[in-house]
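Structure first, commentary second.
All of the numbers you see were taken from the coordinates with simple rules; none came from a lab. Keep in mind the model is a prediction, meaning the values are calculated, not measured. Glycine also receives a Cβ, built like all others from the backbone with ideal geometry; neighbour counts cover every protein chain displayed.
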Amino acid sequence: MAKVKSKWVCQNCGYETVSYLGRCPDCGHFGSFVEEIVSFAAKTEALKPSNIIDDKSIVSSIKEIELDEKIRFKSGIDELDRTIGGGFVQGSLILLAGDPGIGKSTLVLQTTKNICEIELDNRKLKVLYICAEESPLQVKLRAKRLGVDPENLYLTNQTCVDEIINQIDRLKPDFLIVDSIQSVFCAGIASSSGSVSQIRECTNVLARIAKQKNITTIIIGHVTKEGNIAGPKVLEHMVDCVINFEGDKYRHYRILRCIKNRFGAISEVGVFKMEEDGLTEINSPSKMLIEQTDGACGSAKVATLEGSRVFLHEIQALVGSTNYANPRRVAVGIEYNRLLQNIAVLEKKVGLNLSKQDVYVNVAGGLDIIEPSYDLGLSLAIISSIRDIPISPTTLIIGEVGLLGEIRYVDNIERRLKEAKKLGFKRAIIPAVNEKVYKNIDDIGLEVKQVKKITDAIVEGLRQD
């Protein structure tokens, strides 16, 4: 009879201990420990050399390894190909995460339609879809709405990893989708599906199969209420590529952001619009994000960089009096602490008294801004709302505001200005320190004003032509 021993595992970070703890000493979460049974017999069986070593593995010089031109293949969705570095790499393991209802299953199902049309070695690629959270009938209903009906797309709602391996051996697919990794389980692990141990072991098995059988695999993952990928942090280390599907599920626009990629550049993004018949690619996202708000006070246009793409956003600010002791600070689409920092600079360096004013800030379009180059536009939008003086809708504002009130350097300023020129902007306010790097800024065709301090930016930004 096998010896049985239990351990306590934090479901947030994967920290293990022999007894229950109320607070995890690693991640600091309370009440996150769950007891799991460890079977020494199962553990010994899993560690046998035949289970972890591929007999076909040989030692080769890197010069002897030849790259096949077919190592990559396109997904048929340009925004997805851009995000993952130019297409899927054969044998790669990709983690797709996002909020519930954001469109993860819709995206992968639309991708299968194009993949099933790809021919390799005089045959079309086979796709196996593990719909662990739904029945094949439910997936068929969604596929019908999306117009996805290839004959070489196979569905199964099997949730046991051992049975999934049997299906792979029988079907020999070229592309595998697991929806989702939190719903599958390994029979050798004595814990429920979605636990840290199950996620780690199932991902490990799928990664080994993807490499040995050269099967491109996408696993769909859930996120926590904080927005982090559910499961142990090691999950992100085990996969080759991590892409996050972001956006508000109650709005149309979505951003596909790459946060890890072993086969291409990271921080690349793709933009989609959710419609009734599925996701539609947005090739020019700046046009959809910039609204016509002529003469509106509290609106400023900024340019940010996401990977290699320039995004133009509209930042809206509303400042009003409050009757409460503590005024409200609301930030939607930007970091809350960044808003507080900009307000502090305005009070100290500009002389504004915002201690009795509520400040509401919103990024139009529903997309979040991470890069700090929007600081100057945010500050001018707040001042525009306070003074009731509009900023010209054809003026672009770029710059990071330091704690001393100085306007700091911004990368790739020339690329941002060229994008603004295409969209009809006439003026731009940029940091003066950028002139030392880009000598040909004036050749772009915009009236460029270079400022050193936030007070200089206020004069130029609120100037009435």
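Computed from phi, the 3J(HN,Hα) profile of the stretch 328-345 under the Karplus parametrisation 6.51, -1.76, 1.60 (θ = phi - 60°) reads 8, 10, 10, 10, 10, x, 10, 6, 4, 5, 5, 4, 4, 5, 5, 5, 4, 5 Hz, with x in place of Gly and Pro.
State the answer as a single residue: which of Val205, Gly333, Ile77 lies farthest towards the positive end of the charge dipole of the chain, with beta carbon charges of +1 for Lys and Arg and -1 for Asp and Glu, about the Cα centre. Checking the options against the dipole of the chain, the answer is Gly333.
Pairs over the 22 Å Cα-Cα cut-off, from the set Lys225/Lys273; Lys144/Lys287; Lys225/Lys287; Lys113/Lys172: Lys225/Lys273; Lys144/Lys287; Lys225/Lys287.
Prolate is the label for the stretch 287-461. Its Cα gyration tensor axes, ordered a ≥ b ≥ c, give a/c of at least 1.5 and a/b above b/c.
Beta bridges assigned by DSSP with both partners in the chain are antiparallel in approximately 55 percent of cases. The value of relative contact order for the stretch 97-154, using C-alpha pairs under 8 Å at least six residues apart, is 39 percent. Think of each Lys and Arg Cβ as +1 and each Asp and Glu Cβ as -1; about the Cα centre, that makes the dipole of the chain roughly 520 debye. With a/c under 1.5 counting as rounded, go ahead and sort the stretch 100-229 into rounded, prolate or oblate using the C-alpha gyration tensor (a ≥ b ≥ c being the square roots of the eigenvalues; past the cut-off, prolate if a/b is larger than b/c, else oblate). The shape class here is oblate. Among the listed values (i) 25.8; (ii) 22.9; (iii) 25.2, the one matching Kirkwood radius over Cα pairs in Å as calculated from this structure is (iii). By the Cβ distance rule of under 4.7 Å, the chain has these cysteines without a partner: Cys116, Cys131, Cys160, Cys186, Cys202, Cys241, Cys258, Cys297. Residue exposure proxy: Leu141, Leu125, ordered by other Cβ atoms within 10 angstrom of their Cβ from fewest to most, comes out as Leu141, Leu125. Separation of the alpha carbons by more than 26 angstrom is noted, of Lys126/Lys233; Lys74/Lys104; Lys348/Lys449; Lys260/Lys301; Lys211/Lys233, for Lys126/Lys233; Lys260/Lys301.
Panel order for Ser385, Ser392, by other beta carbons found within 10 Å of each beta carbon, from fewest to most: Ser392, Ser385.
Take each peptide in 81-89, 398-406, count the other Cβ atoms within 10 Å of every residue, and average; sorted highest first, the result is 81-89, 398-406. Mean sequence separation of contacting Cα pairs (under 8 Å, at least six apart), scaled by the length of the chain, corresponds to a relative contact order of 12 percent.
With contacts taken as Cα pairs under 8 Å and at least 6 residues apart, the stretch 356-419 reaches a relative contact order of 29 percent.
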